[in-house]
1. Compare the Cα positions of 63, 104, 32 along the charge dipole of the range 3-155 (+1 at Cβ of Lys, Arg; -1 at Cβ of Asp, Glu; about the Cα centre) and return the one farthest towards the positive end.
2. Select from 205, 94, 177 the residue whose mean-square fluctuation is largest in a Gaussian network model of the chain (Cα-Cα springs shorter than 10 Å).
3. Sort 199, 79 so that the residue with the fewest other Cβ atoms within 10 Å of its own Cβ comes first and the one with the most comes last.
4. Distance cut-off 24 Å, Cα to Cα: go down the list 76/119; 75/119; 58/119; 58/168; 131/168 and report the pairs above it.
5. Which Cα, out of 10, 163, 48, lies furthest along the positive dipole direction of the chain (beta carbon charges, K/R +1, D/E -1)?
6. Is there a quick way to get the dipole size of the chain? I mean about its Cα centre, with the Cβ of Lys and Arg at +1 and of Asp and Glu at -1; what is the value in debye to the nearest 20?
7. Which of (1) 1.44; (2) 0.98; (3) 1.02 is the computed Rg/Rh (Cα atoms, Kirkwood Rh) for the structure on display?
8. With the crude spin-label approximation of a point 7 Å out along Cα→Cβ, what separation in nm comes out for residue 87 versus residue 20?
Amino acid sequence: MGEPEGKREALRLLEARLERQGEEIERQRARIEELEREVAEWRARFDAARREHEAEVKRLREALESIEEVSREKKKLEMLLEEEKLRFRRLEEDKKLSEEALRSEISRLRGEILTREGKIGELEGEVAYLKERVSGLEGEKSKLKDVLGSLEKLIEGDINYKPYFILKSIGECKIGDLSKTMGVSEGQVRLLLARMERMGIVRLDGEKVRLNEALFSGERD
C-alpha cells in the first residue's frame, strides 16, 4: 500500500471514529435532556406536595386553635352555670324566683354546654382527618425523596451535575473554589451553574453558589 493510499485509509478511519463519537455525544445529550425533564417534573410534583402539606398544616393549626377557643368558652359557661345556680339558690331562699324558673335556666345553660361539646366533637373529627391527611402527604414527600435519590444515582457520574453533589456535601462555596474542586475551568463551571440555576437546582449570589433550599429542604442534614 502506497503512502497516499495509507493516508487516505487513516483519514477514513479517523472520520469513522469522529462519526461514532458524534453519535455517542448525541445520545448523551438526549439522555441529559431526558434527565433534565424528569428533574423538572419531579421538582414540580415536590413543590405541589410541599404547598399542599403546608396548607393542610395551616388548617390543622386553625382547627386546634378553634378547639382551644371552644374549650375556653365551655369553661366560661360552666363557671356561669355555677354562678347561676348559686344566684338562684339565694333567690329561692328569698322566695323571689320560683323553682320552675330555676330549672328552666339551668336546662338552658346545660343545653348550651351540650351544643358547645358537640362543636368540639366536630372539630376533633376534623383534626383527626387533617392528621391523617398530613400523614399521607408525609408519605408522598418520602416517596419523592426516594425518587430524587434514584435520579441522583443516574446523574452521579455526569460532569454537568457534579456541582450539585459537591454543594450537597460542603454547602455554600465560592465559584472559584468549586472550579478548583472539580478540576475544570471557572468559565465552564459558570456555564454549568447558569444552566442549573435556570433549572432551579442552585442559587447564585455574586461569586457564591448554594443549593436551592426551597427545592432541597429536608435533603441536607
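Just so you know, all these numbers are worked out from the coordinates, no wet-lab data involved. Just so it is clear, the model here is predicted, and its values are computed rather than measured. Cβ: placed from backbone, ideal geometry, glycine included. Neighbour counts: every protein chain shown.
1. 104
2. 94
3. Numbers: 199 15, 79 10.
Taking fewest neighbouring Cβ atoms as first place, the list is 79, 199.
4. Beyond 24 Å: 58/168; 131/168.
5. The residue sitting most towards the positive pole is 163.
6. Working: 48 positive and 53 negative charges, 59 e Å.
In total the dipole reaches around 280 debye.
7. Recomputing Rg/Rh (Cα atoms, Kirkwood Rh) here gives the entry labelled (1).
8. With each label point 7 Å from Cα toward Cβ, the separation is 9.9 nm.
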